[in-house]
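Written below as structure tokens is the structure these notes are about.
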Amino acid sequence: MRYVFPAWTDKQISKTVADVWENLGRTAGEFAHLKTLSDGVGADRITVRGAETLKRIVDGGEPAVFVSGHFANWEVGAIVLHRA
């Protein structure tokens with residue numbers, strides 16, 4: 001962390017490291033529920049922005065490339081696309 005953020009204080013580094021571990025814990029806890037999400041249960045907890053664009057892509061049958069950031073549980077995006 002010091003190499004990447006040399007101006008950060010010890011407090012900033014400690015908070016970021018703690019946040020990383022918290023996020024990793026949440027992601028690990030969600031793994032047990034990915035099948036549930038893929039079956040549609042809990043789907044109301046996922047919001048798809050641009051759903052109309054996704055529908056056009058699916059209905060058109062053409063290949064597409066999706067680009068996303070690496071946010072929290074990255075598998076959720078794949079589940080949503082698979083359901084579509």
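Some values worked out for this structure:
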{"item": "Where a residue in region 55-79 is open to solvent by less than 60 Å² (accessible area, probe 1.4 Å) and its partner, wherever it lies, is among the polar types (S, T, N, Q) and not in a helix (DSSP H, G or I), with Cβ under 7 Å and at least six apart", "result": "77/68"}
{"item": "Selection from region 45-84 of residues that are assigned to a helix (DSSP H, G or I), within 25 Å of residue 32 (Cα to Cα) and among the β-branched types (Val, Ile, Thr)", "result": "76, 79, 80"}
{"item": "Lone qualifier among 40, 50 - being at pLDDT 80 or above and open to solvent by less than 50 Å² (accessible area, probe 1.4 Å)", "result": "50"}
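The values are calculated or read from the model by the stated rules, or taken from the named source; none is laboratory data. Quick caveat, the model's predicted, so the values are computed rather than measured. Counting neighbours? That spans all protein chains shown, and the Cβs are built from the backbone with ideal geometry, glycine included. SASA here: full protein model, heavy atoms, side chains in, ligands and nucleic acids out. Shrake-Rupley method; radii C 1.70, N 1.55, O 1.52, S 1.80 Å.
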